[in-house]
Structures are given as structure tokens and as C-alpha cells.
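Working notes, beginning with the structure itself.
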Amino acid sequence: MSGPSTYEPKTGFTKWLDQRLPIVRFGADLMEFPTPKNLNYWYTFGGILAVCLVVQIVSGIVLAMHYVASTQDAFASVERIMRDVDYGWLIRNIHANGASMFFLAVYVHMFRGLYYGSYKAPREVIWILGVVIYLLMIGTAFMGYVLPWGQMSFHGSAVITNLIGAIPLVGPVIKTYLMGGPAIGDPTLNRFFSLHYLLPFVIAGIVALHIWALHVPGNNNPTGVSVKDVKKDTLPFHPYYTVKDGFAILVFFILFAFFVFFAPNALGHAENAIEANPLQTPAHIVPEWYLLPFYAILRAVTFDIGPIEAKLLGVIAMFGSVGILFVVPWLDTSKVRSMRYRPIAKQLFVLFVVACIGLGFCGANDPDKFVFKYGPDKLALIYTEGGTTEPKREIFDQYADAISAQGRLADSVKAKSAIEIHSDGFKWLWLSQILGAYYFLYFLVFLPMLGIIEKPKARPPSIAESVRKKHGSPAASAVNPAPQAAE
Amino acid sequence: MRFAKLALSGFAVLAIGAIGAAAIAQQPVTPVTPPVEQPAPTTAAPVDPNAPVTAPAATPAPEAPVAAPVPAVTPPQTTAAGGHGGEEHGGEHAAAGDHHELTPAGGWKHDGFFGTFDVNAMQRGFKVYKAVCSSCHGMKLLSFRNLGDVGAPFYDARYPNPNDNPVVKKIASEFSVPKVDPDSGGMVSVPGIPADRFPSPYPNAIAASVANGGAVPPDLSVIVKARNGGAGYIYSLLQGFVTPPAGLNVNPGQHYNAYFHGDTASQWVGKDPRSKPPGGFLAMAPPLVNLDIRLRRDCVEGAQGGAACNQDTFDDGKTTTIEQQAHDVAVFLAWASDPRTEARKQLGVAVIPFLLLLSILVFLSYRRIWRNVEH
């Protein structure tokens, strides 16, 4: 889509350089890159994410100068950064909250791609590279969360490494290599630190590929209609989109700054301010908010299917929920990119977003607790009668009734009976099963089916036409100030 | 575009508000001299609020001594001098996991965008920590010099290097710190200097556990960050040692606390489990029982007039009720958990309005650059 280069070196040096290393031309072409003129604010998150990556790498390099990767000193060294390093509190708050901001932006970016069909031909490779980046982000964030060596760091990493151990055949070996031994300790912390430092640069490399792949077919746009006429449909990236992205980045920074300066611990867990103690498991081990939906899917699988046990099945479902994103370009059979013109898909997409957010809440809550209760708590008299092993439960409203029923039991039965609270309600587990099922149905059933049964609405003939329609301009000769964009 | 217009006007309003608020917040936050006013006619030297503390405190006695104004087992409602609202202690609302923490009357001064720590409360709170908590709980992440940092309880602008601060020096010297003797190589206990860390009361976790019936007293350096509810939790817990409701069995060595994040179900015998009391059981005995004796000012005969000598007050004249002590030590611990809170908020109230203004300017540039483009 990018036409011939319009860059012309002017000075002697740039002419000389241009024939040897055309790096100035490369930069100039990036800035001139023809970009659809109808991109909305959802399209600014790519730029926001690039900034997030830079912020994380820069703040992380500074933190690594002060951090001590040792189980004895890690917790205290992070606190030392917060207390004694000049502006260490700022750098650390930026890095810790920056991870949350990064994921917030990446989720918006991914939902935008799913809504406008940005994964469809000819952009499949852009999408797949994006999913690779997302996977690397998850790995980096997980290992980064272990480094402060708090309670949630330690026990969270124990849960995840055990999951990997559940993979048949290779699982135990991978687990041992990951932990650097039979248990989580200094070797684990050291290799996590090493990989946490390495992976962001791998991400940066794949981001370069992601952008390269983007510059082959060019941006998708909210109509999903391909660029027909570069002069009428597009604008040069600079200054049009540098200024629009710049505005969005600043607004995003305001949110970021709110967390850094006024609620630095709001997105974390109080538990992680307690130094890791392998002998004391926290009551509720939960990951950071951005991984909660996958955690909910993991815990939603409480049943065996055939020879596959629930634990392994949960792991498969969790990895599958990310892995499925790789094949989305081929699951979606519709020829229409943008869901603006897909009435049914649009509604199912909104439900999909709701399901993802709902799964996040499921992941944060105890699966056996209730989303809502059907009524006030009752009492259950639990006892086992002679000859049977199945305990019986009798339900009472009044404590006096339960006591008198207990009194009527034979003495030997009564001694082993108990009166407990009996609650009945809708469990978080069930909600996570429903929403998790919807997550997979959306990709595996709805997207393939809709391409066949859905009747899309009429699309505009071109980007320029869609813009003109929106503004109600009668004339076909819209002012286009970018004739030099590409010839 | 409509969204952008709305956002623009919203930001403009916010920016004006934030700049106004930032101007208000520019009032000096850190006092030039320690604000604790000692009533005694001392010299201009910085005040030392620790003077009355004669020796490292013994473990608080579980029984209230004669002089204690409040029996150990009185419900917190009656001890609350600050007059916080009566909190529901009854069973029905208090399922485990439902935490209703107490809030001091008027809230926490350090809450909110412009909140700063109450310096007097921090100084009194440090005194409570030193007299009571420090006998079992360490603060290993803090050094004495931290007490003289900007925003810290004993900051004095005359001593930009906290190691020179005489109050901090005095406090440090009152703790004995284990060190290697340069002459013999053996361990000796010497008076601390500002660069030293707070000494931990036990050499290791095993010693702490043995001395406390199996429970290890947690380090208090980051305790406010490490508990849901934060300072409010500490404040409530210290007032939560109430008489156990009838029917609640308390094991020997355990103490019922209405605000502890625990569960009372297993000890609630012969009663409707739905009405089990809130809270849980702690190995820690009610700590703030006979504190009044240790915290009141030194009574040298005739030094300050006889009448003041018998009052149970802090150096600055605050009455040492349990509620007051719980509040003050919670403020001190909140500072200790995040000593850069004030610097953080002060920078925030400058950064966010700056970003708002810059984003408005960039938005206007955007409008100008795009003015002739239909999009």
C-alpha cells in the first residue's frame, strides 16, 4: 500500500548516506505512511502501547540497578527502592502500575481488532504477531510479579508452575527447568529475573515485526473497507495521526498518573506486602487483575471428560483460551470486516466483552461463594446414621428446631452430628462456567456460523464516501490536503 | 468528535479545579520545627517526646492496673474519646469476611488527594510504638534516620541530613542495637546511632515464636500496606479487644478481638452459627491497657506544678485514651509503611494538572491540523 518513497535527500551528507544506509528515508517513509482518514480513538491504542513498552523498559532498567534477586533480600530491596532511592517510589510505582496500564491498553487494542475485523485477510500475520506479543506480555508480567517476593508472588508462582507440571509427559521436566530445582527458591527467582529482563526486548523485536507487517497492507479502519484511492481515503501519518495519538497518549497518561500518585496499591493485593513465607499459604491466591479471566476459566473446569482429569482439562482450557486467538482469522468466516455492518455479530461481540469482564470478577471471587443468595441463610443438621457413610442433611429455619431434631438422634449419632450454616445461592463457579462456555462458543461456533447465516448491512463504497455521508456533504470533491501522500 | 468535545470541556473544568486545589495544597506541609509543644519551659532545642519512657517496655500486663482509666474488657464504644459512631458488634451482620472498620471522628488526615500526615499524631504514635509495640514487634525496614526525613515524624528543616537531627540521635541512642565489637569480634549491645536499623526484639522467627506461645509477632514496617483496611484496620484492632460475647469460648493464650480478620465459628458453641460474633482470636494480649502510666510526662517534683503530674496525657497534652493511642499509632504505622506518601501526592497534584493542560493544547493542535479534513 505504501507507494514509492517521496523522500528526497537535500544535503550532501544525506545524499551520501541515503545510498549507503537509507535510514532517514526509512523514517521519512514511516511518517509519510498513508493512513485511512477515518480512524477513531480506538485506533490510538497502538501508539499508547508503544509508549507503555518504552515506559516499562526504561523504568525496569532503573529498578534492576537497585533490585537484589535473592530470596533473602528481594523483599527488602524493593522496599529500599521505595524508601531510600531518590524517586525510587516514583519509578517503582510507574513500573508496577505500568504493567496494569499496559494490559488495560492491550485489551482495548485487542477488542478493537476483534470488532473491526482487523485480523482478516490480508492482516492475519499482524494479528498473530500481536497474539505472540500478548503471550510474551503475560509471561513477562507473571515473572515480574514474582520478583518483589511477597506472599502472593511466591504462592502465585507456585500455582502457575504446578499448572505447567500438569502437562502430560513434558510438564514435570519443564517445571523443574522453570524452577531450577524441585521447589521455588533462589534459582527460581534468579531465572525469573533474568527472563523478566530478557523478554521485554523480545517483545520489542516482535513489535517491530508487528509494525512492519502493518505497513504492508496498511491500517484497517472502522468501515473495514479497503483503501480504494490513496489520495481521497488516506492522510499521511504525520502530522495527522502523530497529533491524534499524542492527544490520546496524554489522556491515557492522566489515568496512569492517577494510579501512580494517588492509588499506587489499588490494583495490587495487600497480601503481597507480606514477605514470602513458603510455610504459610494465603487464604485466597489470585493473580493480578489482568489475568483473572484466564484464572476463572482454569477453575471453572471441575469435571473430568473421559480419561482427561479436571486439573489437566482446566489447564487445557486456560491455555486454549489464549491459543484460540491464533486461529481467529480462520474461525471468522464472514467476508465483512467491520462489525458495524454485521448486526448479529455486533450484539454477540458486546456479550463477549461482557463475558470477559464477568470472567474477571469470577476469577477474583471464591468459586464456592455466591454471586447472590436465594434467601436468608438456613441451618443444616448434618449426621451419619449407622450402616451408611453418606451424611444426611436436614434443613431448618430456626435454631431451636435444629437443636430439638439433634436431640432426637440416637446418642452415638448425635455425638458426631453438627449444625452448620446452610446457604443456597448462585455460585461464582457456575457463572464462570457459563461465561467460559460463552467465551469458547463465540470463537468456535458463533464466528464460523455467522459468516454463513448473517446478512450484512450495506457497506460504504469507499472510506471517502463513508466520511462524506457522515458529514452530509453533497459535493464529491472533499478537500484533501494530502496530495503528496503517495503518487 | 462529540466524545472529544465532551472530554475537552470536562478536562477544562477539572484542570481549573485541580489548579485551584494545588494552590491550596501549596501551604507548607512540613513544619520547620517539631510541632510537639512541650509544656515544660525547655530551651529552644528540639523537643524529645521520648523522655518519659524510662526503659524498654515490658510485655503489657493483661490485667488492667489500678491506675488504668479503662478496664481492658470494656467495649470500644465506651472508650472512644473521639466519639466515633457506635459500630455494630452484633452477630447478624458480621459474617466472616464482612469487615466494618472503625473510622476516627473526622476521618484520617492523611486520606485524600491533599492529605498529609498529622505530625503530632505521628510523634505520639511513635511513642506508643516504642513504649508498647516494640517489645514484641520489629520494624526492620526502617532506620532511625528515617524518623528525621522530610515528611517524617521528627523532620526538622534545620537538619537536612537526618543523621544530624538531635531528636533522631537521642531516639536512636535510647535503643540498644546489637553490633560486632571491633576489639573482640563478639556481639555487643550498644546505643544506636541514626544510621542503624530499628532493632528487632527477637534474634529470629523461632525465638519470637517460642516467646509468644507459637505465634510470631509480625514486623510492623509495612503493616498498614499489608492489611486490607490499612490504618483503619490497625485503629480498629487495637480497640477491638472487647468482652467475648456469652457463648464464645476463648482458649487459653488466645484473645477475642472483634475486628481481627479471623473466624469465630469453631469456638461459638451451643448457639445459632448464623449469629456468630465477628472477628477472631489473637495470641496478642490487649496491648494498650496501662499505657497511661508510661506515656504521661515525667513528674519531677515541682517541675511543672503538681496538678499536671497526675494527668494521663501525652507530652502535647492529649489525653492517652486507648482510642487516642490506637489512632496515633495507626498514623505512625501508616507513615512507616509508605514514608513517601506526601512527596508522592505533592508531585501528583502538579503532574496531573500539567498533563491536563498539555492534553488540551495538543487537542487544540489536533483540531487545527485536522480542520480541513472530513473524517
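The values are calculated or read from the model by the stated rules, or taken from the named source; none is laboratory data. Predicted model only: the values in this text are computed from it and were never measured. Cβ atoms come from the backbone with ideal geometry, glycine included; neighbour counts cover every protein chain shown.
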key: Enumeration of residues in segment B:247-267 that are in a loop (DSSP other than H, G, I, E, B) and within 20 Å of B:Ala326 (Cβ to Cβ)   = B:Ala258, B:Tyr259, B:Phe260, B:His261, B:Gly262
remark   = The lone condition A:Glu32 fails out of (1) of a type in the set (D, E, K, R); (2) touching a strand residue (DSSP E or B) at 6+ places or on another chain (Cβ under 6 Å); (3) within 14 Å of chain B (Cβ to nearest Cβ) is (3)
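Per-residue answers, yes or no, for (1) hydroxyl-bearing (Ser, Thr, Tyr); (2) free of Cβ contacts under 8 Å to residues at least 60 places away in the same chain; (3) assigned by TED's automatic domain parsing to the domain that holds A:Phe201; (4) in a helix (DSSP H, G or I):
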| site | (1), (2), (3), (4) |
| --- | --- |
| A:Leu49 | no, no, yes, yes |
| A:Val58 | no, yes, yes, yes |
| A:Leu63 | no, yes, yes, yes |
| A:Val68 | no, yes, yes, no |
| A:Phe75 | no, no, yes, yes |
| A:Val78 | no, no, yes, yes |
| A:Met82 | no, yes, yes, yes |
| A:Leu90 | no, no, yes, yes |
task = Go through segment A:206-323 and tell me which helices (runs of 4 or more DSSP H), entirely inside it, have 3 or more residues that are within 24 Å of the chain's Cα centre (by Cα) and touching a residue at least 40 places away in the same chain (Cβ under 8 Å).
result = A:237-262, A:292-300, A:310-323
ask   = Does A:Ala300 meet the test of being surrounded by 19 or more Cβ atoms within 10 Å (Cβ to Cβ), more than 30 Å from B:Val362 (Cα to Cα), within 9 Å of chain B (Cβ to nearest Cβ) and of a type in the set (Gly, Ala, Ser)?
value = no
note = When restricted to A:Ala355, A:Ala410, A:Ala364, the only residue of a type in the set (A, V, I, L, M, F, W, C) and over 25 Å from the mean Cα position of the chain (by Cα) is A:Ala410
query = Do you know which residues across segment B:197-244 are of a type in the set (Ser, Thr, Tyr), in a loop (DSSP other than H, G, I, E, B) and surrounded by fewer than 22 Cβ atoms within 10 Å (Cβ to Cβ)?
reply = B:Ser200, B:Tyr202, B:Thr243
task = Might you let me know whether segment A:337-358 holds any residue that is under 25 Å from A:Leu163 (Cβ atoms) and assigned to a loop (DSSP other than H, G, I, E, B)?
result = no
query = How many residues are surrounded by 16 or more Cβ atoms within 10 Å (Cβ to Cβ) and outside any helix (DSSP H, G or I) if we restrict to segment A:159-181?
reply = 3
query = Just for segment A:63-74: of the residues that are among the hydrophobic types (A, V, I, L, M, F, W, C) and within 17 Å of A:Asn93 (Cβ to Cβ), which one is nearest to the other protein chains (Cβ to nearest Cβ)?
reply = A:Leu63
Selected residue (criterion: surrounded by the fewest Cβ atoms within 10 Å (Cβ to Cβ)) from residues of segment B:353-375 that are touching a residue at least 60 places away in the same chain (Cβ under 8 Å) and touching a Phe, Trp or Tyr at 6+ places or on another chain (Cβ under 7 Å) = B:Ile360
ask   = Out of all the residues in segment A:320-364, which are within 26 Å of A:Trp430 (Cβ to Cβ), buried (at least 20 other Cβ atoms within 10 Å of the Cβ) and among the polar types (S, T, N, Q)?
value = A:Ser321
query = (1) within 17 Å of the chain's Cα centre (by Cα); (2) of a type outside the set (Phe, Trp, Tyr); (3) part of a loop (DSSP other than H, G, I, E, B): which one isn't true of A:Asn97, the others all being true?
reply = (3)
message = I'm told A:Ile184 meets every condition in (1) hydrophobic (A, V, I, L, M, F, W, C); (2) in a loop (DSSP other than H, G, I, E, B); (3) closer than 26 Å to A:Met31 by Cβ except one. Can you identify the failing condition by its number?
response = (3)
Segment A:346-374 residues that are in contact (Cβ under 8 Å) with a residue 40 or more places away in the chain, paired with ones that are acidic (Asp, Glu) (beta carbon under 6 Å, 6 or more apart) = A:Tyr374/A:Asp424
inquiry  = Going residue by residue through segment A:244-254, is there one that turns out to be surrounded by fewer than 18 Cβ atoms within 10 Å (Cβ to Cβ) and either within 14 Å of chain B (Cβ to nearest Cβ) or farther than 24 Å from A:Gly139 by Cβ (or both)?
reply    = no
key: Extreme residue, nearest to the other protein chains (Cβ to nearest Cβ), among residues of segment B:333-347 that are in a helix (DSSP H, G or I) and surrounded by 23 or more Cβ atoms within 10 Å (Cβ to Cβ)   = B:Ser337
inquiry  = I need a count of the residues in segment B:348-375 that are part of a helix (DSSP H, G or I) and in contact with a helix residue (DSSP H, G or I) (Cβ under 7 Å, 6 or more places away or on another chain).
reply    = 17
